[in-house]
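The values are calculated or read from the model by the stated rules, or taken from the named source; none is laboratory data. The model shown is predicted, which means the values in this text are computed figures rather than measured ones. Cβ: placed from backbone, ideal geometry, glycine included. Neighbour counts: every protein chain shown.
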Amino acid sequence: MNYRHSFHAGNFADLVKHALVLWLVETLQARGPLTVLDTHAGAGLYDLSGDAARSKEAEAGVARLMSAEGRTPLMDALAARVAALNPDGGVRYYPGSPLLIADALAPGGRYLGFELNPPVRELLTQALSDRPNAEGREGDGYAMATAEAARARGPLVLIDPPFEKPDDYIRSAETALAVVRRDPAATVAVWTPLKDLETFDAFTRRLAGKAPVLVAEARLRPLTNPMKMNGCAMVVVNPPPGAEAAAAEICGWVADSLGDPGGRAEVWML
Ligand SMILES: C[S@@+](CC[C@H](N)C(=O)[O-])C[C@H]1O[C@@H](n2cnc3c(N)ncnc32)[C@H](O)[C@@H]1O
């Protein structure tokens, strides 16, 4: 396990994922208390003065979000969460999905995140220590979230792997399908990088025809160099009404504001 999200926290891909997850939480909990299961939770909270300052990814991502004028409402909602973590101004702290979700949940809602790496799981527990509605557990998130989803009603499941193992695409698709087969009221959101289209197409083909699937891509540059993360996508199985417009707003803002001139957003139903 070499992957360290602390280098990537607050980058453009986190902004796409977190803005859409915030919208999903707000929308799904309108029908009642929501359980959110996070297969790959990470540390929960990131100090951007460390690894992220070296990678400069947050500088090109959340720093630009916070200083941007004319943010759209859903990007504004994410910016408000970041501002709440930085009461003295600036952008030193950035929330991971655990903190972001725990703080967005209405009373009765519950967050359960899984993390395989023990030191990262300790950071996660620390980050959530004063959030009684939230818990971090150590272990394999694909298996543990699938088991936990079977005990919840209409949960939201976030699948956000590092994609450092060759089977992460297959396990993400299988987990998503297992969850919605068992509970058609569940919604599953999978984050993926966009490098070349062949890998991504193979992933979406695994889901096609098995459930309603929204694909939301933020392409920051043309996908001509497969060695680079040229963009990212959120693939939402069983998206709630309004998801297409929400994703278009988020991916559109990120591609237009943070991408190269050749960047663009693509949002469609499979
Ligand atoms: C991309 S990061 C998660 C970021 C987090 N979801 C967020 O948005 O703030 C991926 C995390 O998954 C962890 N991980 C890798 N394989 C895992 C597995 N099979 N189950 C649970 N966690 C895993 C890594 O240690 C890493 O912390």
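Is it true that some residue in the range 163-182 is closer than 18 Å to GLY44 by Cα and within 10 Å of the ligand (Cβ to nearest atom)?
If we filter the range 163-182 for residues that are closer than 18 Å to GLY44 by Cα, which is where we start, we get none.
No, because not a single residue in the range 163-182 is closer than 18 Å to GLY44 by Cα and within 10 Å of the ligand (Cβ to nearest atom).
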* Structure fact -> Condition set in contact with a Lys or Arg (Cβ under 7 Å, 6 or more places away or on another chain) and away from the ligand (no atom under 15 Å from the Cβ), scope the range 29-49, selection modelled with the lowest pLDDT: answer is SER49
* To do: Give ALA84, ALA19 a once-over and let me know the one that is among the hydrophobic types (A, V, I, L, M, F, W, C) and surrounded by 19 or more Cβ atoms within 10 Å (Cβ to Cβ).
  => ALA19
* Please indicate, with yes or no, whether at least one residue in the range 88-100 is in contact with a strand residue (DSSP E or B) (Cβ under 9 Å, 6 or more places away or on another chain), among the hydrophobic types (A, V, I, L, M, F, W, C) and either within 16 Å of the ligand (Cβ to nearest atom) or assigned to a strand (DSSP E or B) (or both). => yes
* Asked: Just one of ASN2, ASN11 is on the phi < 0 side of the Ramachandran plot and modelled with pLDDT of 95 or more; which is it?
  -> ASN11
* **Set GLU57, GLU115, GLU26: member being more than 16 Å from the ligand (Cβ to nearest atom) and among the acidic types (Asp, Glu)** => GLU26
* Going by the structure shown, is GLU135 surrounded by 14 or more Cβ atoms within 10 Å (Cβ to Cβ), away from the ligand (no atom under 13 Å from the Cβ) and acidic (Asp, Glu)? -> yes
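If the requirement is being of a type outside the set (Lys, Arg), more than 16 Å from the chain's Cα centre (by Cα), under 29 Å from PRO166 (Cα atoms) and crowded, with 24+ Cβ neighbours inside 10 Å, which of these qualifies: ALA60, ALA43, ALA52?
Values: ALA60 fails: crowded, with 24+ Cβ neighbours inside 10 Å; ALA43 fails: more than 16 Å from the chain's Cα centre (by Cα).
Within the list ALA60, ALA43, ALA52, the selection yields ALA52.
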